[in-house]
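Q: What follows is a single structure, and I will ask about it in a moment.
Bear in mind that the values in this text are calculations on the coordinates, not laboratory data. Computed from a predicted structure; not experimentally measured. Backbone-built Cβ (ideal geometry, glycine too); neighbour counts: all protein chains shown.
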Amino acid sequence: MNTITRWEPSRGVTSLQDQVNRLFEDNFTRGRSGQADLATWAPAVDIYETESELVVKADLPDLQEKDIDVRVENNTLTIRGERKFDNDVKEENYLRVERVYGLFTRSFSLPNTVKTDGVRAEYRNGVLRVHMAKREESKSKQIKISVTGNGK
C-alpha cells in the first residue's frame, strides 16, 4: 500500500532569521586553536576641530602602547595596531567570544591646513588621541572694522 504524503511548501525552508543567525555563529565562533576567528575590525573614531588643531580620538581598548603605530605620510594619517587574543584563559573556560581580535588599520586624508610636523599622540584609558596643529595661515582671524566720518 502506498503512503500519501502531504505536500508542505515551507518544509525544508529555514527562516531568514535562522539563516542570518547561522551566518553570524559560523563566522564568530572560536576556532580549533582556542582563538576567536580573526576578522577585520576597525576601531571607532571621533574627529573634531578646534581653533588651533585637528584631533582624532580612537577607541582602542585592551591594547598596549607598543601595539599601536601612528604615522603621517603624504598628508594621510594612518593608525595601525593589533589586539591580541588573551591566551591566559583556557579555551574550555570561554562561554562566549564576541570581541574581535587581530590587526586593524584606519587611514584619514588630512587637509592642507594641518602642519604634518606638528603631530602628537597620547594614549590613556583605552583612547588614542592624535593632535595635529593647524598652520598659522589657516587659523581664523578677526578683522577690526574702522569707522571714519559720521556717515552723513
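Q: Taking the residues in the range 38-58 that are within 11 Å of the chain's Cα centre (by Cα) and surrounded by 12 or more Cβ atoms within 10 Å (Cβ to Cβ) as candidates, determine which candidate is farthest from V100 (Cα to Cα). Step through it out loud before you land on a result.
A: First, the residues of the range 38-58 that are within 11 Å of the chain's Cα centre (by Cα): 40-46, 57-58.
Next, from what is left, pick out any that are surrounded by 12 or more Cβ atoms within 10 Å (Cβ to Cβ): 41, 43, 45, 57-58.
Working: W41: 7, P43: 10, V45: 16, K57: 19, A58: 16 Å.
Ranking the candidates gives K57 first.
A quick yes/no check of all residues on (1) touching a strand residue (DSSP E or B) at 6+ places or on another chain (Cβ under 6 Å); (2) small (G, A, S); (3) within 16 Å of I68 (Cβ to Cβ):
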| position | (1), (2), (3) |
| --- | --- |
| R83 | no, no, yes |
| D88 | no, no, no |
| E91 | no, no, no |
| Y94 | no, no, no |
| E98 | no, no, no |
| G102 | no, yes, yes |
| S107 | yes, yes, yes |
| R120 | yes, no, yes |
| R124 | no, no, yes |
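Q: Across the range 86-115, what is the total count of residues that are among the small types (G, A, S) and under 23 Å from D62 (Cα atoms)?
A: Residues of the range 86-115 among the small types (G, A, S): 102, 107, 109.
Within this subset, residues satisfying the condition of being under 23 Å from D62 (Cα atoms) are 102, 107.
So the count comes out to 2.
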